[in-house]
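The values are calculated or read from the model by the stated rules, or taken from the named source; none is laboratory data. Being a predicted model, the structure only gives us computed values, none of them experimental. Positions of Cβ are generated from backbone atoms using ideal geometry, with glycine treated the same way; all protein chains shown enter the neighbour counts.
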Amino acid sequence: MLTPIIILLILSSPLGIAFAFSKFRRVPVNINKYACWGLGLAFIFFFIGHILKVVGMAEMLPHWVPFKIPLIYLTGAIELLVGIALFIPRFQLVAAKFGIVIFIVFFPANIYAAINSVGLGGHQWGPVYLLIRTPLQIILIAWAYFLCVKGHKGFTSLHSIANYYLPLITALHFL
């Protein structure tokens, strides 16, 4: 069950380090840049999981899915390409959008694995694991969308992000 914590630490570390250095050096932070770097590191972490845990990843797929092992390698390669692209400024926007698609398209495999208690990354806990995995998936999608896709608006502080999204946050509060 340590995997979701590791993912969150990987995701947020570049931005956290950038904020620390910005306070020390008194310079603004390019939130988009470091948020994309964190997302890129997360995708590279996902790729490593596809390479090191091939059999476990294949078990996460329903029995009727053909070519499971090649599919795991292919999806891992896609995650690696997205991860690398998130470090290259001219590809960051398209990579973040593609990352969101990946999070949505791959999520059913996590649901299947949790429902069937596949013993990889917490899924052996069964459906209870979805109480952790679903919010994590939402955080990953929100990070990619708000900080990497929408972040191209040039945010340089958490205050500027909060002011931009304040109407949305207020509206969600009343739901």
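Of note:
- Screening Ala142 against (1) under 14 Å from Ala42 (Cβ atoms); (2) in contact with a helix residue (DSSP H, G or I) (Cβ under 7 Å, 6 or more places away or on another chain); (3) of a type in the set (A, V, I, L, M, F, W, C) leaves a single unmet condition, (2).
- One residue from Ile115, Ile102, Ile132 being at pLDDT 95 or above, among the β-branched types (Val, Ile, Thr) and touching a helix residue (DSSP H, G or I) at 6+ places or on another chain (Cβ under 9 Å): Ile102
- Residues of region 106-121 that are over 20 Å from Ile48 (Cβ atoms) and outside any loop (DSSP other than H, G, I, E, B): Pro108, Ile111, Tyr112, Ala114, Ile115.
- Of all the residues in region 47-97, those that are within 14 Å of the chain's Cα centre (by Cα) and farther than 30 Å from Asn32 by Cα number 0.
- Which listed residue is out of contact with any Ser or Thr (no Cβ under 6 Å at 6 or more places or on another chain), under 23 Å from Cys148 (Cα atoms), of a type outside the set (Asp, Glu) and at pLDDT 95 or above, from Phe21, Phe43: Phe43
- Of all residues making up region 1-48, the number that are among the small types (Gly, Ala, Ser), surrounded by fewer than 18 Cβ atoms within 10 Å (Cβ to Cβ) and under 20 Å from Val101 (Cα atoms): 0
- Residues that are closer than 28 Å to Ser117 by Cα, of a type outside the set (Lys, Arg) and more than 20 Å from the chain's Cα centre (by Cα) do not occur anywhere in region 32-39.
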